[in-house]
Amino acid sequence: MIDFINFYLIPGITLGSIYALGAVGVSMIFGILRFAHFAHGDLMTVGAYAALTAVWVLGIPALAAIPVAIVVTCLVALVADKLFYKPLRDLPTIYTVIASFGVALILRSIVQTVWGTDSQVYMTGFQKPMIFLDTFRVATRHIQIIVATAVLTVALHYFLNHTRLGKSMRAVADDPDLAAVAGLDTERVIRWTWIIGAALAAIAGVFVGLDTDVHTNLGWNLLLPMFAAALLGGIGKPLGAIVGGLIIGIAEEACTYPFFGDSLIAPSYKSAVAFVIMVLILIFRPQGLFRGRLM
């Protein structure tokens, strides 16, 4: 059981935290703009490489480079919305979905052109884990990722439920036409949706780089688990997406633990867990696990 906690549960919570931060943006964009944003993973990649550049140029730790990643990713998201998504808002949703695929390819190509295709890391060398009670060994980066995600979750809950802008976002998500008639500035809500979603995506991208490495397919590889997390928590429910991300991350790692001598699946196939969960949710509970409002 100690091995399960050290090598499967803690990494699963860490992976789930990364999924959760990315899934929040997917869920918010779908809830307010009503389309599946397939370029969201590549926003994570942009954030990861922006932080990597700050680490190289400024000589600062990766965590200290997060503000740089947020600013760059938010600007990219706002420009993409202005150039590619806003002109299509009055057209059927499929046009915007296809446009998001195009944006994903554009962002990935730019990243490959500017930074190359080789994998990079924020820091080199071995980091000793932290030891608790002479038994539990937890990597420092895992503690940082989990604690940061918990803080961001609390902040997001407060923002959505106790601020005027957060309540406006919930109103637009419920009924955009009624919100516009009531005098809410829907364009302002949309801008802040992009800012919040892109900021969380940038943070998630940096966390991926901290936990593994930075490469040009970083965000694209996580797109399916993020969508699965958003569906599991209830599409359009950001806080539900956080719960969904944690469930999927833990499930992926737990499935490789040898409970009865052999693991349920080989580690190389654990990414299929998100796909299986997503299909089951779409078949048996398409509204997600949570009926109530978790926006």
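Okay, here's what the table says:
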{"quantity": "5 angstrom amide H check on Gly236, placed H, neighbours 5+ away", "calculated": "Gly31"}
{"quantity": "Whole-number D in µm²/s for the stretch 152-295 (Stokes-Einstein; Kirkwood sum over Cα pairs; 4 °C, 1.567 mPa s)", "calculated": "76"}
{"quantity": "Portion, in percent, of the accessible area of the stretch 180-295 that falls on carbon or sulfur, probe 1.4 Å", "calculated": "66"}
{"quantity": "Relative contact order (percent, whole number), the stretch 1-123, Cα cutoff 8 Å, 6+ residue spacing", "calculated": "28"}
{"quantity": "Fraction of accessible area attributable to carbon and sulfur, the stretch 16-136 (%, probe 1.4 Å)", "calculated": "69"}
{"quantity": "Separation of the Phe284 and Ala64 label points, Cα + 7 Å toward Cβ, nm", "calculated": "4.9"}
{"quantity": "Value of relative contact order over the chain, rounded to a whole percent, pairs C-alpha under 8 Å and six or more apart", "calculated": "35"}
{"quantity": "Prolate/oblate/rounded call for the stretch 77-179, Cα gyration tensor, a/c under 1.5 rounded", "calculated": "oblate"}
{"quantity": "Theoretical ellipticity at 222 nm over the chain - DSSP helices of four or more residues, -39500 (n - 2.57) apiece, nearest 500", "calculated": "-21500 deg cm²/dmol"}
{"quantity": "Cα shape, the stretch 1-52, gyration tensor, a/c 1.5 rule", "calculated": "oblate"}
{"quantity": "Estimated FRET transfer efficiency when R0 is 30 angstrom, pair Asp3-Lys128 (beta carbons, to 0.05)", "calculated": "0.95"}
{"quantity": "Label-point separation, Ile265 to Asn161 (7 Å along Cα→Cβ), nm", "calculated": "3.3"}
{"quantity": "Angle in degrees between helix 40-58 and the longest Cα principal axis of the chain, rounded to the nearest 10", "calculated": "60"}
{"quantity": "Residue-normalised accessible area of the chain, expressed per residue, 1.4 Å probe, Å²", "calculated": "48"}
{"quantity": "Overall dimensions of the chain as given by Cα atoms, namely Rg and Dmax in Å", "calculated": "19.0, 62"}
{"quantity": "Arg188/Gln112 FRET efficiency (R0 45 Å; Cβ-Cβ; nearest 0.05)", "calculated": "0.85"}
{"quantity": "Gyration tensor verdict on the stretch 201-271 (Cα atoms; rounded if a/c is under 1.5, prolate if a/b is larger than b/c, oblate otherwise)", "calculated": "oblate"}
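The values are calculated or read from the model by the stated rules, or taken from the named source; none is laboratory data. Values in this document were obtained by computation on a predicted structure and should not be read as measured data. Neighbour counts run over all protein chains shown; Cβ positions are idealised from the backbone, glycine included. Surface accessibility is based on the protein's heavy atoms, side chains included, excluding ligands, DNA and RNA. Shrake-Rupley method; radii C 1.70, N 1.55, O 1.52, S 1.80 Å.
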